[in-house]
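Asker: Below you'll find the structure I mean.
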Amino acid sequence: MDHPSQPTPGSPATRRSRLADLAAHAGVSEATVSRVLNERPGVSESTRQAVLTAVDVLGYDRPTRLRTTAVSLVGLVIPELTNPIFPAFAQAIEVSLAHRGFTPVLCTQSEGGVHEDEYVEMLLSRGVAGIIYVSGQHADAGTSPERYARLRERGLPIALVNGYMEGVDAPFVSDDDVAAMDLAVTHLAELGHERIGLALGQERFVPARRKVAGFRASMAALGLEVPDEHVVHTFFSVEGGAVAAAALVERGVTAIVCGSDLMALGAIRQIRTTGRSVPQDVSVVGYDDSPLVGFTDPPLTTIRQSVQAMSQAAVRALTDEIAGDAAARGEFVFRPELVVRRSTGAVPA
């Protein structure tokens, strides 16, 4: 009995199957896919990029004329680089991407500068295979998930670091803010501190909200009160830390937990301007374990983020998606580490 022959590579049947796969993945018609692959007019740039992304994600070879170095590009959208933790993430992610054969396109944001959405449009025009976001709009509880949903609808793989947003079909990687606050509070309580303040950036950010929740829970577990005025929201910056410390010291705290190392350095500077010293009068704890904070005066006690492990997890999830292997959804939470140095000491008598 004769068996029906299988389609051979390059046969009309194989080409039709490929067109159907690409059309389904990109959410367009087979005719549109054909126009893109044959470089015919009448296709918008966004549709063209959606089709080319589908080609890469599904593992098909691009036609020779459409092959560029952009196939191996991955967008990396990250906040301004003045905070040392963000260059640390950028370097770790870049190294991990390079080991997997990808080249990052670094996009740094700053207040009043290029917006995340504008960077994404630029990245799409360059045909990136995916995008990693670090502390982006996904960390702002007041923003809509629509911008990320649109990217996922067109089949572009994304991974998001430090921030969580319901309704986004993508892997998230975060530091455990609740555990971090427990480490800081427990350390200070063991040194005899009871009046502990918390200095954070703007309340709308998910990590800030989680830190507040963790701080209050840890204080309550130790039987310690947290008056509302002992939690101060300013900015994750040196200046923000100084403003918060001025208010908290005035309110009688003997220790301050800060939402970033930059805030902690600002707090120490402010405390000294009042004639007090750290840690003899006020203890200060930072957050991140940024490069060089072990060499400040005094060396900073801080909470260390697992930058290497978090970066590798984000890159692995993204590149698995690019290769067509769906990464697990939800949030991967990494436990931080307390690094004790000389900015914390016993409660003053």
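The values are calculated or read from the model by the stated rules, or taken from the named source; none is laboratory data. Bear in mind the structure is a predicted one, so any value in this text is a computation, not a measurement. Note that we place each Cβ from the backbone using ideal geometry, even for glycine, and neighbour counts take in every protein chain shown. These area figures cover heavy atoms from the full protein model, side chains too; ligands, DNA and RNA do not enter into them. Shrake-Rupley method; radii C 1.70, N 1.55, O 1.52, S 1.80 Å.
Asker: In region 146-183, which residues are of a type outside the set (Val, Ile, Thr), without any contact (Cβ under 8 Å) to a residue 40 or more places away in the chain, open to solvent by 40 Å² or more (accessible area, probe 1.4 Å) and under 30 Å from Phe215 (Cα atoms)?
Answerer: Hits for region 146-183 are Glu166, Gly167, Asp182.
Asker: Note down all Cβ pairs under 7 Å where the first residue falls in region 108-119 and is in contact (Cβ under 8 Å) with a residue 12 or more places away in the chain, the second is surrounded by 11 or more Cβ atoms within 10 Å (Cβ to Cβ) and among the polar types (S, T, N, Q), and they're at least six residues apart or on different chains.
Answerer: Partner pairs satisfying both residue conditions: Glu116/Gln109; Glu116/Gln137.
Asker: Among (1) under 23 Å from Leu188 (Cβ atoms); (2) touching a strand residue (DSSP E or B) at 6+ places or on another chain (Cβ under 8 Å); (3) among the hydrophobic types (A, V, I, L, M, F, W, C); (4) open to solvent by 40 Å² or more (accessible area, probe 1.4 Å), which single condition is Ala349 missing?
Answerer: (2)
Asker: If Arg316 passes every condition in (1) in contact with a Ser or Thr (Cβ under 7 Å, 6 or more places away or on another chain); (2) of a type outside the set (A, V, I, L, M); (3) over 30 Å from Pro348 (Cβ atoms) but one, which one does it miss?
Answerer: Exception for Arg316: condition (1).
Asker: If you go through region 200-208 one residue at a time, do you hit one that is open to solvent by less than 40 Å² (accessible area, probe 1.4 Å), within 28 Å of Leu58 (Cβ to Cβ) and within 17 Å of the chain's Cα centre (by Cα)?
Answerer: For region 200-208, residues open to solvent by less than 40 Å² (accessible area, probe 1.4 Å), within 28 Å of Leu58 (Cβ to Cβ) and within 17 Å of the chain's Cα centre (by Cα): absent.
Asker: List the number of the failed condition for Leu265; all other conditions in (1) closer than 23 Å to Pro79 by Cβ; (2) in contact (Cβ under 8 Å) with a residue 40 or more places away in the chain hold.
Answerer: Going through the list (1) closer than 23 Å to Pro79 by Cβ; (2) in contact (Cβ under 8 Å) with a residue 40 or more places away in the chain, Leu265 breaks only (2).
Asker: Select the helices (runs of 4 or more DSSP H) contained entirely in region 173-282, then report the ones holding at least 3 residues which are farther than 30 Å from Met310 by Cα.
Answerer: 238-250, 261-273
Asker: Hey, Ala246 hits all of (1) closer than 30 Å to Gly130 by Cα; (2) at pLDDT 95 or above but one; which does it fall short on?
Answerer: Condition (1) is where Ala246 drops out.
Asker: When the residues of region 306-336 are narrowed to those that are of a type in the set (Ser, Thr, Tyr) and closer than 15 Å to Ile131 by Cβ, which ends up nearest to the chain's Cα centre (by Cα)?
Answerer: Taking region 306-336 and keeping what is of a type in the set (Ser, Thr, Tyr), we get 306, 311, 319.
This time we only want the ones that are closer than 15 Å to Ile131 by Cβ, so: 311, 319.
Values: Ser311: 9, Thr319: 16 Å.
Of everything passing the filter in region 306-336, Ser311 is nearest to the chain's Cα centre (by Cα).
Asker: Given Glu80, Glu118, which one is closer than 19 Å to Ser311 by Cβ, modelled with pLDDT under 95 and out of contact with any helix residue (DSSP H, G or I) (no Cβ under 6 Å at 6 or more places or on another chain)?
Answerer: The match here is Glu80.
Asker: From the list Glu94, Glu116, which residue is of a type in the set (Asp, Glu) and open to solvent by 10 Å² or more (accessible area, probe 1.4 Å)?
Answerer: Glu94
Asker: Scan region 111-128 for residues that are touching a Ser or Thr at 6+ places or on another chain (Cβ under 8 Å) and either of a type in the set (Ser, Thr, Tyr) or closer than 15 Å to Arg150 by Cα (or both) and jot them down.
Answerer: Leu124
Asker: Got a number for residues in region 289-323 being open to solvent by 10 Å² or more (accessible area, probe 1.4 Å) and part of a strand (DSSP E or B)?
Answerer: Of the residues in region 289-323, 1 are open to solvent by 10 Å² or more (accessible area, probe 1.4 Å) and part of a strand (DSSP E or B).
Asker: It is to be established whether one or more residues within region 265-279 are of a type in the set (Val, Ile, Thr) and within 21 Å of Thr82 (Cα to Cα).
Answerer: Yes, because at least one residue in region 265-279 is of a type in the set (Val, Ile, Thr) and within 21 Å of Thr82 (Cα to Cα).
Asker: Looking at (1) closer than 30 Å to Thr53 by Cα; (2) open to solvent by 20 Å² or more (accessible area, probe 1.4 Å), find the lone condition where Asp281 falls short.
Answerer: So Asp281 meets the others, but not (1).
Asker: Can you work out which of the residues in region 18-52 that are at pLDDT 75 or above and among the hydroxyl-bearing types (Ser, Thr, Tyr) is surrounded by the fewest Cβ atoms within 10 Å (Cβ to Cβ)?
Answerer: Ser44
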